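Data first, discussion second: the structure below is written as structure tokens.
The values are calculated or read from the model by the stated rules, or taken from the named source; none is laboratory data. As the structure is a prediction and not an experimental result, all values here were calculated from the model. No Cβ is skipped: glycine too gets one built from the backbone with ideal geometry, and neighbour counts run over all protein chains shown.
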């Protein structure tokens with residue numbers, strides 16, 4: 001393990017002390033600058049923890065070796081990324097209360113920065129299902145990762161639709177990574193791992209307590225560029241996600257619904273209060289200025305070795321065809337034919353005069 005991984009091991013184990021919540025954790029790190037130094041403190045009075053928490057700390061310190069604890073998580077295929085690490089989700093770093101680290105299964109990618117949360121009612125109508133499926137399909141085709149909370153209803157449809165459209169999807173859980181909730185989404189849980197990741201801020205065996213979900217909702221919005229609500233009652237938890245988005249400076253998009261439907265009261269009310277009325281995908285893409293803000297961020301996948309060579313050469317800057325022939329060591333006809341195919345598929349752009357660039 002490198003020094004960052006060792007420090008992460010102490011972060012993870014320290015957070016598992018019952019009573020050391022986010023406030024205590026942040027306070028101790030501010031004083032000691034290192035979780036390892038907190039863990040190894042000999043004068044425990046200096047930690048200024050209450051009696052019960054201090055006792056929990058002593059007991060856990062006698063039972064667990066932090067490095068072995070992290071290794072055990074890896075054996076369970078549970079990954080952990082810390083706030084101080086380069087691969088911590090970029091959007092999440094920007095919120096005012098990012099979790100110190102995240103447990104996850106699956107894979108996180110830089111392209112996930114281009115993501116949108118899709119949330120809504122657990123009890124949905126056929127209209128809610130239809131618009132969620134339609135919106136998610138369009139968002140995936142536009143290159144966005146779909147983020148939601150793996151709840152029944154709109155959340156589940158959003159994840160499933162993203163997978164069926166061939167896209168990536170991220171699920172934030174309101175429990176530990178080993179506590180699948182709701183249990184009937186077990187199959188969906190494993191599908192999401194294959195096509196993205198499931199994440200949480202709680203230790204692996206932490207139960208799905210009611211108080212976890214409002215905190216979880218801030219991560220759904222914080223991970224994303226904005227939140228789309230397709231159908232929700234006035235008291236739906238989706239509105240908590242919308243409020244978190246507003247506090248975080250994220251965009252809120254709402255699909256309008258019938259004034260006679262209780263499950264359209266949430267989106268309709270949010271629209272009245274300034275959320276973006278959304279009836280088509282371009283409403284979202286234009287509001288977010290996707291092409292302007294994230295040019296060069298969309299993931300482009302090569303279909304063969306020749307495409308991979310040329311796309312790699314074009315990653316950082318546009319190049320003339322003569323330069324591509326020289327650097328790729330491919331024959332000129334092969335470069336020309338491959339560029340033509342890449343241009344047709346939208347993976348590269350022909351700038352004229354033999355100059356090409358990535359076509360994001």
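Any residue at all in the stretch 15-22 that is part of a helix (DSSP H, G or I), under 21 Å from residue 177 (Cα atoms) and within 25 Å of the chain's Cα centre (by Cα)?
Yes; the residues of the stretch 15-22 include at least one that is part of a helix (DSSP H, G or I), under 21 Å from residue 177 (Cα atoms) and within 25 Å of the chain's Cα centre (by Cα).
Being touching a strand residue (DSSP E or B) at 6+ places or on another chain (Cβ under 8 Å) and farther than 16 Å from residue 276 by Cα is the filter here, so list the residues in the stretch 225-235 that pass it.
Within the stretch 225-235, no residue meets the criteria.
Of 290, 358, 301, which residue is under 27 Å from the mean Cα position of the chain (by Cα), closer than 23 Å to residue 145 by Cα, exposed (fewer than 13 other Cβ atoms within 10 Å of the Cβ) and modelled with pLDDT under 85?
301
Looking at 118, 147, 140, which one is touching a helix residue (DSSP H, G or I) at 6+ places or on another chain (Cβ under 8 Å), surrounded by 19 or more Cβ atoms within 10 Å (Cβ to Cβ), within 19 Å of residue 288 (Cα to Cα) and free of Cβ contacts under 8 Å to residues at least 40 places away in the same chain?
Values: 118 fails: free of Cβ contacts under 8 Å to residues at least 40 places away in the same chain; 147 fails: free of Cβ contacts under 8 Å to residues at least 40 places away in the same chain.
Only one candidate qualifies: 140.
For residues that are surrounded by fewer than 18 Cβ atoms within 10 Å (Cβ to Cβ) and in contact (Cβ under 8 Å) with a residue 24 or more places away in the chain, tally how many sit in the stretch 2-15.
The number of residues fulfilling the criteria is 3.
With the condition being within 14 Å of the chain's Cα centre (by Cα) and not assigned by TED's automatic domain parsing to the domain that holds residue 282, I'd like the strands (runs of 3 or more DSSP E) fully within the stretch 82-180 carrying at least 1 qualifying residues.
Filter on the stretch 82-180 gives 101-106.
Does residue 52 satisfy the condition of being in contact (Cβ under 8 Å) with a residue 12 or more places away in the chain and either out of contact with any helix residue (DSSP H, G or I) (no Cβ under 6 Å at 6 or more places or on another chain) or assigned by TED's automatic domain parsing to the domain that holds residue 200 (or both)?
Yes.
For (1) within 23 Å of residue 248 (Cβ to Cβ); (2) touching a strand residue (DSSP E or B) at 6+ places or on another chain (Cβ under 7 Å); (3) buried (at least 22 other Cβ atoms within 10 Å of the Cβ); (4) in contact (Cβ under 8 Å) with a residue 60 or more places away in the chain, each residue gets a yes or a no:
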| position | (1), (2), (3), (4) |
| --- | --- |
| 172 | yes, yes, yes, no |
| 180 | no, no, no, no |
| 183 | no, no, no, no |
| 189 | no, yes, no, no |
| 220 | yes, yes, yes, yes |
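Mind checking which helices (runs of 4 or more DSSP H) fall wholly inside the stretch 212-313 and carry at least 3 residues that are under 22 Å from residue 173 (Cβ atoms)?
Working: elements: 212-223, 238-247, 265-272, 281-288, 290-293, 305-313.
Here the list reads 212-223, 238-247.
Considering only residues of the stretch 332-352 that are surrounded by 11 or more Cβ atoms within 10 Å (Cβ to Cβ) and assigned to a loop (DSSP other than H, G, I, E, B), which is modelled with the highest pLDDT?
347
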